[in-house]
1. Test Ser425 against the stated conditions and say whether it is of a type in the set (Ser, Thr, Tyr) and modelled with pLDDT of 95 or more.
2. Looking for whichever is at pLDDT below 95 and open to solvent by 20 Å² or more (accessible area, probe 1.4 Å) here; the options are Asn374, Asn418, Asn360. Which one fits?
3. When you scan the range 86-108, do you find a residue that is open to solvent by 70 Å² or more (accessible area, probe 1.4 Å), among the hydrophobic types (A, V, I, L, M, F, W, C) and in contact with a Ser or Thr (Cβ under 9 Å, 6 or more places away or on another chain), even just one?
4. Show the residue pairs that are 6+ apart or on different chains and have beta-carbon atoms under 7 Å apart, the first residue being within the range 458-471 and in contact (Cβ under 8 Å) with a residue 40 or more places away in the chain, the second being aliphatic (A, V, I, L, M) and open to solvent by 20 Å² or more (accessible area, probe 1.4 Å).
5. Go through (1) under 30 Å from the mean Cα position of the chain (by Cα); (2) among the acidic types (Asp, Glu); (3) at pLDDT 95 or above; (4) open to solvent by less than 60 Å² (accessible area, probe 1.4 Å) and name the single condition Glu162 misses.
6. What tally of residues in the range 428-444 results from selecting those that are in a strand (DSSP E or B) and either modelled with pLDDT under 95 or of a type outside the set (D, E, K, R) (or both)?
7. Starting from residues that are open to solvent by 30 Å² or more (accessible area, probe 1.4 Å) and at pLDDT 80 or above, keep the ones in the range 109-124 and report whichever is farthest from Leu189 (Cα to Cα).
8. Which of (1) buried (at least 22 other Cβ atoms within 10 Å of the Cβ); (2) in contact with a Leu (Cβ under 9 Å, 6 or more places away or on another chain) is the odd one out, the single condition Tyr588 does not satisfy?
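The values are calculated or read from the model by the stated rules, or taken from the named source; none is laboratory data. Note that the structure is a prediction, hence the values are computed from the model and not measured. Cβ: placed from backbone, ideal geometry, glycine included. Neighbour counts: every protein chain shown. Surface areas here come from the heavy atoms of the whole protein model, side chains and all, with no ligands, DNA or RNA. Shrake-Rupley method; radii C 1.70, N 1.55, O 1.52, S 1.80 Å.
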Amino acid sequence: MKDSPIFLSKSLFRLSISVGMIILASALISCNHYSAKMQKTFQIAGENAQELKKVLTHYRQKDPNKLKYKAAQFLIENMAYHYTLQGPSVDRYYKTLDSIIQDTTQDYFELNTALKQIPEPDPDSIYATYDAQVISADFLIHHIDAAFLTRNYPWTDSVSFEDFCEYVLPYRVEFEPFENWMEIYAQNLQRYTDSLNGINANDSMVCAFFNQNLLHPETDYSIAYQTIFDLYPSKLFDMMTTWSIGRCKELTEFSHYVLRSVGLPIRWDATPNWGNRFNGHSWSTIKMNGKLYPFQLKDPQVEIGKHIRRDVNKISKVYRHMYSIQNESLCMRDIKEKIPPFFNDPYMKDVTDEYEKTINPVIELTSTPPNGNNIAYLTVFNNYQWVPVDWGIIKKQSVLLHKIPPHCVFLVMYYNQNQEFTPASYPFYVTNEGQIVTLRPDTHKSRKIQINRKYPNLNTIDIPQKLINGIFQGANNADFSDAVNLYTIDTLNNVSPHTVRIKNNTPFRFFRFLSPPKGFGNMAELTVYDNLGKEIHGIPIGTTNCSRGNDIHKAFDKDPLTYFLSFESENTFLGLQFNQPHCISEIYFLPHNDGNFIQENNIYELFYYDLMWKSLGRKTGTQTGGTLIFDNVPENTLLLLKNHTHGTEERIFTYINGQQQWY
């Protein structure tokens with residue numbers, strides 16, 4: 001299962017009620033000095049309101065401390081809609097999960113298979129318990145005291161009290177059960193904080209240290225980045241400290257536990273869906289000297305702040321998961337219409353403008369809102385359908401949107417009573433200069449276009465660079481001590497098939513591709529031909545220390561999606577031993593790739609968007625790595641190429657100056 005950053009995990013487990021449906025009595029609490037927000041929390045708490053008042057009394061009378069009292073106020077005032085998801089099927093799920101993970105005899109692939117077979121928790125047996133109704137005064141006091149101890153670290157001197165309350169103080173990250181995690185983590189990490197204290201480390205040094213070292217086997221906690229299944233209502237403490245598994249969301253939450261326990265104000269940011277690919281993502285951020293630094297535990301980058309690769313991922317919207325109630329949230333508005341589950345969260349804050357230069361456009365709507373709705377939704381294409389990432393208020397047959405970034409194609413849609421989305425505008429995008437370009441097809445102007453891919457090269461974008469300076473060699477000694485260089489890859493711009501003509505009349509018993517340093521092989525197909533154009537067969541040879549399922553035979557199996565990948569960074573090679581010497585006149589090679597180029601005998605269909613997807617006909621690929629030509633394609637339109645033979649990755653694009661422009 002791929003990464004998903006949705007703040008309340010899967011929609012399966014979202015509360016079926018809106019926070020706006022929580023009935024709050026109008027009667028005032030007898031202690032009228034409490035704020036309106038706190039009174040709401042007390043009303044939700046019911047009998048447990050006395051526990052919350054004990055916390056306030058504690059910091060007013062038993063342990064008088066103005067800042068701790070203000071911190072307690074902050075937690076209680078914003079507690080109203082925080083909850084834990086639980087139920088017997090969740091308990092059974094985690095019991096099964098624990099038994100599988102504790103079986104150390106399984107390798108990664110066996111673990112993968114076992115985890116996929118765990119029955120999902122029954123959503124009907126899962127219920128929400130609101131924090132205000134069950135939290136104890138002792139727990140809250142204990143946590144507040146532990147949080148304030150972090151303010152003694154010298155690297156927290158620049159942390160404002162407001163940031164401390166929002167990004168260090170909270171006792172929970174998402175909807176996990178209550179744990180005294182801050183004290184436990186602080187104790188276990190003390191030897192590291194003592195060392196950092198001794199060298200007068202600042203906040204950036206502390207963040208970088210734990211980001212690079214926390215997950216090392218020598219530390220207490222080591223976690224494997226793992227995307228093969230969705231984790232249900234979080235038991236985050238066990239998950240991170242015992243099971244050592246997680247997706248981007250769990251890694252982000254784990255970094256909050258760890259870094260907040262040493263006083264760093266860590267933010268949880270996420271995009272519901274990238275603007276140019278399937279799925280979304282979660283990551284951590286820290287603000288230092290007024291600048292935002294995104295990062296993720298286990299990042300390969302040495303320097304914090306380089307987590308989001310702009311050449312691969314385009315930001316549609318970014319939301320910050322807050323502890324404090326965000327009154328501007330859609331679910332906090334007095335509206336009568338149904339809203340999509342994603343927006344039923346009062347703790348989301350739109351921070352897109354902290355990542356991109358944005359505008360607030362007014363978009364013309366193409367039809368009347370259903371049922372007199374007042375809200376329209378901004379959507380992006382997730383390779384399969386349009387999914388919501390934002391909303392706007394409808395006014396006079398148009399919608400005002402906020403914080404819209406460049407580089408992404410958006411579509412405004414309505415959400416009807418059947419919980420379905422219907423188009424409300426033509427697709428549009430924002431240029432770097434802040435101009436809106438509407439993709440309304442001009443069917444009176446058509447053209448011929450030439451297409452070579454159905455999806456941009458995002459997943460294997462680094463492969464060409466890895467193979468530059470790779471050498472194809474022939475030899476007659478098995479150790480290649482007499483190797484002759486036949487061809488060197490000096491430039492490589494894509495992962496499509498390549499054919500190289502060889503001018504060498506020497507017969508060879510052995511042939512190989514010698515991967516450059518840190519190239520690790522990364523070859524999907526390798527074939528050689530003689531002077532008559534016949535394929536030369538042989539016995540595969542090469543580096544044997546390979547990742548599982550990626551041995552040398554994968555480069556000779558005629559499957560473009562399997563590939564050879566070695567663990568060896570130096571002297572990696574793969575090739576063939578012939579039964580007799582052969583002259584090599586041609587080399588065909590296909591790098592490790594995503595299979596999204598045009599493939600021979602595959603059937604493709606091109607669509608354009610005109611308030612719905614409309615077909616422009618089907619074509620069959622005549623050559624792998626070749627092109628498809630379509631006539632009568634409207635100008636100024638959004639396009640989508642589907643492969644009906646195999647594959648799932650398909651991406652929207654425009655066609656400008658003879659090139660596909662991906663979105």
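1. yes
2. Answer to the selection: Asn418.
3. So far as the range 86-108 goes, no, none of its residues is open to solvent by 70 Å² or more (accessible area, probe 1.4 Å), among the hydrophobic types (A, V, I, L, M, F, W, C) and in contact with a Ser or Thr (Cβ under 9 Å, 6 or more places away or on another chain).
4. Gly470/Leu514; Ile471/Leu514
5. (4)
6. Applying the first criterion (in a strand (DSSP E or B)) to the range 428-444 yields 428-430, 436-438, 442-444.
Imposing the further condition that a residue be either modelled with pLDDT under 95 or of a type outside the set (D, E, K, R) (or both) reduces the set to 428-430, 436-438, 443-444.
Qualifying residue count, the range 428-444: 8.
7. Top of the filtered list is Asp124.
8. The one condition Tyr588 does not meet is (1).
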